[in-house]
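Trainee: Here it is, the structure in full.
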Amino acid sequence: MVNGLSEVAIAVGRLDRWLDSMRNERGYCGPVSHWWESNLLYCGPMIDWRYEGIISGYVTLFSKTHQLAWLEKATRAADDALQAQLPNGSFLNSSFQLGPLPGGTPHEAAVDVGLLELAKTLSQLGDRRASGYFQAAERNIRRYLLGTLWNGQGFMDQPWNPVLVANKNATTIEALLLYEELGGGSMQEFLLRAAQVVLQAQVKAGPRVGATIHRGTGNHRLAISIYTARSLCGLMKLHDRYPSQDHLKFVLAALPFLYRLVTDSGVHFGMYRDGRGIRSPRWIAGAGDILRALLLAARHLPVDATVAEQLVHVLLTHQDAAGGIRTAYGFAQKGATTDCAGPPELRDVLPVVGWCDKAFRALTMLADDVVDAPNGESRILCTWKGKPCEYIETREEIRLEADRCRYRWVKGESFPEVYEL
Amino acid sequence: MKLADALDPYSFEVRYTLDYVCYLVSSRRPERVGIVSPCSDMCLAIMRRLMANGCHFSVLSPQIQIAAREELGLEVDVQGYDGSDDLLVYPFSLEQGMPVLQSRFMVAAVRNSLSYKRLLHPRAVATNVMTLVRSLKKRYQISIQAGAFHPTFLLVYGAALAVAGFAPSVYFQLTDRAMTHYFFCRGSLWRLSYVVILHGERIV
């Protein structure tokens, strides 16, 4: 389906090294850029959806290469989650862009996906460690997802926020499918109701036909590319276990919507309620989730291979010298309906573990091998508050230089050493 | 004690403030951090941010000690008021009448009565930060690190809210500008900020 697989193998190898550079003994760290908000202050370990892509990516590499080193990296990541599991089954600091708060959605379900994919692989190998990862995911699923977020109709955004967000339900579907498969008991009731949440959020007509509405955006009713893709992934996985024409129809409608948003330089954020495109920012590392959606859909339906190639191109061409993949382009004009122009902003060029994991997971689905290639030093001209700056990243640190050092984070630390943004 | 709704640790005013407070705490690399607050949610919020640093915490009450154990699996001490903590944090607690205890360093977040909030809720915010700083200066060398929710931020954020219903693109651009450009100020506007973050070093 995709050409240039040796380049993919190199990119995966460099991403692996970059991920290693972002770790400390408690987990993967780093500042966060996101549409909703960014957190450049708290940079310590967080157990959020980054563990979905990291663990799944390493498990995929192991299953393709049979090299135990990849399995050990998957277990090392899963051990971070086990170490950070709280007495109530939640994970410490699971709220990604919101900073160090527990109960992040869909983050906790996403961590469960990673844990259960690893448990499945270990179980197939007869490795006793499988039960520990399964039980950790089970504690989270039983106590938090089913015990707290389930309201009889779907999985709520938060215990105090009853909104049913499609992509979050889709991620939970992926977790429950794995849980059911590994002996957690029938999840059919929850799965089929959560699927209804996803199906009902799809736009049936008009300029946004096929898009998934993010109901958490209130009256704006934004259609967001990445979340449409994640919704699609949940339904495709569900279709494997509980086939339904409704799932296929959803995917058939969602694919053309996604195709329209993919460009050579990233994926448009989404669309406003009136059908105008939100062209700034364009997702880059997170486009890995859209690539994964296409790869999953291709198992059942015809998929436009040129779009998949385009997405691989986007990921590979935005991998910087230090090995990370940029988050986006256009944060300086966030929400604009026109294409952004000019140099990227700090939040654009910043590689974020919780976005790069999506690129990593998707690229590992394509890679048959990994090339161990070294990373170097990134030096990128960018802006912050409209002023020119230089972003510098090495294996040891991330820095933003303007008239003086404006930001310096030593990798692994919980907070930056310099914060003058 | 639970937080008043104005101090919800999930609200962005508290989250951003605590991130900045803990950045200042972290920069001192203390081995022992005392959290001077009667509110368990606030204490846990501070611990979540700093626990990866490996520092030891002390808190005001056995109830908070139990909450740390049950919710975070963390063992903390109950403060002995003996000055053994390297640094004391006051997360919105000086305004609640918490005493200023002995320590080499202090970091505090304080809600300021000389801000727009006083206009909206006259009884909600009673701390005159200028008076507080004058009082603290008898024992600490105080430096104001940042103000949050100052007039420029409010103008831009207010403009965003005003257009949210009919111009979403402008709304998102303006809110982003408010949050990235104007949330924290380090100039003299701190005097009119809703939240003031200050750092003190004990005068020897």
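Bear in mind that the values in this text are calculations on the coordinates, not laboratory data. What you see is a predicted model; the values in this text were computed from it and never measured. Heads up, the Cβs are rebuilt from the backbone with ideal geometry, glycines too, and the neighbour counts pull from every protein chain shown.
Trainee: Identify the trypsin sites (Lys or Arg not before Pro) of the stretch B:70-119 meeting these criteria: DSSP loop state and at most 15 other C-beta atoms within 10 Å of the C-beta.
Mentor: none
Trainee: Simple spin-label model, 7 Å along Cα-to-Cβ: B:Gln141 to A:Asp372 in nm?
Mentor: In this crude spin-label approximation the distance works out to 5.1 nm.
Trainee: What does the charge count near B:Tyr140 come to, summing +1 for each Lys or Arg and -1 for each Asp or Glu among other residues with Cβ under 11 Å from its Cβ?
Mentor: Neighbour charge sum, excluding B:Tyr140 itself: +4.
Trainee: With chain B treated as a Gaussian network of Cα nodes joined by springs under 10 Å, which of B:Ala167, B:Ala45, B:Ala146 yields the largest mean-square fluctuation?
Mentor: Comparing B:Ala167, B:Ala45, B:Ala146 in the GNM, the peak value goes to B:Ala167.
Trainee: Would you calculate a helix-derived [θ] at 222 nm for chain A, using -39,500 (n - 2.57) for each DSSP H run of n ≥ 4 and dividing by the full residue count, to the nearest 500?
Mentor: Values: 13 runs with 183 residues, N = 421.
My calculation for chain A gives -14000 deg cm²/dmol from helical runs alone.
Trainee: Which one, A:Gly234, A:Val352, B:Leu94, is farthest towards the positive end of the dipole of the protein assembly as shown when Lys and Arg carry +1 and Asp and Glu -1 on their Cβ?
Mentor: Of the candidates, B:Leu94 comes out farthest on the positive side.
Trainee: Moving on to the next point. What does the helix-only formula give at 222 nm for chain B: each DSSP H stretch with n ≥ 4 adding -39500 (n - 2.57), the total divided by the residues, and the result rounded to the nearest 500 deg cm²/dmol?
Mentor: Value at 222 nm, helices only, nearest 500: -10500 deg cm²/dmol.
Trainee: Anything over 26 Å Cα to Cα? Flag those among A:Lys73/A:Lys334; A:Lys334/A:Lys387; A:Lys385/B:Lys137; A:Lys387/B:Lys117; A:Lys168/A:Lys411, in the order listed.
Mentor: Violating the 26 Å Cα-Cα cut-off are A:Lys73/A:Lys334; A:Lys385/B:Lys137; A:Lys387/B:Lys117; A:Lys168/A:Lys411.
Trainee: A follow-up question, please. Take every Cα pair under 8 Å in the stretch A:1-155 that's 6+ residues apart, average their separations, divide by the length, and report that relative contact order as a whole percent.
Mentor: 20
Trainee: In a shell of Cβ-Cβ distance under 10 Å around B:Pro168, excluding B:Pro168 itself, what net charge do Lys and Arg (+1) and Asp and Glu (-1) give?
Mentor: Neighbourhood net charge equals +2.
Trainee: Something else now. With a 10 Å Cβ neighbour count serving as the proxy for reagent exposure, in which order, fewest first, do A:Glu309, B:Glu13, A:Glu25 appear?
Mentor: A:Glu25, A:Glu309, B:Glu13
Trainee: Please state the charge dipole magnitude for the stretch B:123-204, taken about the Cα centre, from unit charges on C-beta atoms (+1 on K and R, -1 on D and E), reported in debye and rounded to the nearest 20.
Mentor: 520
Trainee: For the pair A:Leu68/B:Leu155, report the inter-label distance in nm, with labels modelled 7 Å from Cα in the Cβ direction.
Mentor: 6.6
Trainee: Only counting other Cβ atoms within 10 Å, I'd like B:Ser27, A:Ser21, A:Ser186, B:Ser135 sorted with the fewest neighbours first.
Mentor: A:Ser186, B:Ser135, B:Ser27, A:Ser21
Trainee: While we're looking at this one, here's another question. Dipole size in debye (nearest 20) for the stretch A:323-403 around its Cα centre, Lys and Arg Cβ +1, Asp and Glu Cβ -1? Working shown, then result.
Mentor: Numbers: 10 positive and 14 negative charges, 84 e Å.
In total the dipole reaches around 400 debye.
Trainee: While we're on this one: Report the extension gain between B:Tyr10 and B:Ser188 in nm, rounded to one decimal, defined as 0.36 nm multiplied by the number of residues separating them, less their alpha carbon distance.
Mentor: Computed gain between B:Tyr10 and B:Ser188 is 61.3 nm.
Trainee: Counting other C-beta atoms within 10 Å, and keeping those with at most 13, which DSSP coil trypsin sites (Lys or Arg not before Pro) do you find in the stretch A:320-421?
Mentor: Working: sites: A:Arg326, A:Lys334, A:Arg347, A:Lys358, A:Arg361, A:Arg379, A:Lys385, A:Arg395, A:Arg399, A:Arg404, A:Arg406, A:Arg408, A:Lys411; in loops: A:Arg326, A:Lys334, A:Lys385, A:Arg395, A:Arg404, A:Lys411.
Answer by residue number: A:Arg404.
Trainee: How large is the dipole of chain B about the Cα centre if only Lys and Arg carry +1 and Asp and Glu carry -1, each at its Cβ, rounded to the nearest 20 debye?
Mentor: Using only the charged Cβ atoms, the result is roughly 800 debye.
Trainee: Run through the stretch A:10-62 and list the chymotrypsin sites (Phe, Trp or Tyr not before Pro) located in a DSSP loop whose Cβ has at most 11 other Cβ atoms within 10 Å. Write out the running numbers ahead of the final one.
Mentor: Numbers: sites: A:Trp18, A:Tyr28, A:Trp35, A:Trp36, A:Tyr42, A:Trp49, A:Tyr51, A:Tyr58, A:Phe62; in loops: A:Trp35, A:Trp36, A:Tyr42, A:Trp49.
Passing both the DSSP loop test and the Cβ count: A:Trp36.
Trainee: Let me ask something else about it. Report the gain in length on full extension from A:Arg76 to A:Ser6: 0.36 nm times residue separation, minus Cα-Cα distance, nm rounded to one decimal.
Mentor: Here the answer is 22.5 nm.
Trainee: Given 25 °C and 0.890 mPa s, compute D for chain A with the Stokes-Einstein relation, Rh being the Kirkwood radius over Cα pairs; round to the nearest whole µm²/s.
Mentor: In µm²/s, the coefficient rounds to 116.
Trainee: Now for a different question. Mind checking which of A:Asp157, A:Asp357, A:Asp48 has the largest fluctuation in a GNM of chain A, springs on alpha carbons under 10 Å?
Mentor: Between A:Asp157, A:Asp357, A:Asp48, it is A:Asp157 that shows the largest mean-square fluctuation.
Trainee: For B:Leu88, enumerate residues with amide H under 5 Å from its amide H, sequence gap 5+ or separate chain, H modeled in the peptide plane.
Mentor: Result for B:Leu88 returns B:Gly34, B:Phe105, B:Met106, B:Val107.
Trainee: Work through the residues other than A:Leu149 whose Cβ is under 11 Å from its Cβ and net out their charges, Lys, Arg +1 and Asp, Glu -1.
Mentor: Details: positive: A:Arg143, A:Lys168; negative: A:Glu108, A:Asp157.
Surrounding charge for A:Leu149 is 0.
Trainee: Got a sec? Charge dipole of the protein assembly as shown, +1 on Cβ for Lys and Arg, -1 for Asp and Glu; which of A:Ile290, A:Asn219, A:Leu176 is way out at the positive end?
Mentor: My answer, from the dipole projection, is A:Asn219.
Trainee: Given the options B:Ala162, B:Ala178, B:Ala68, which has the most mean-square fluctuation in a GNM of chain B, springs set between C-alpha atoms less than 10 angstrom apart?
Mentor: Looking only at B:Ala162, B:Ala178, B:Ala68, the biggest GNM fluctuation is shown by B:Ala162.
Trainee: In degrees, nearest 10, range 0 to 90: what is the angle between the Cα axis of helix B:151-163 and the longest Cα principal axis of chain B?
Mentor: Relative to chain B, helix B:151-163 is tipped by roughly 50 degrees.
Trainee: Between A:Val163 and B:Thr131, with labels modelled 7 Å along Cα→Cβ, what's the label distance in nm to one decimal, could you check?
Mentor: Spacing of the two 7 Å Cα→Cβ label points: 4.1 nm.
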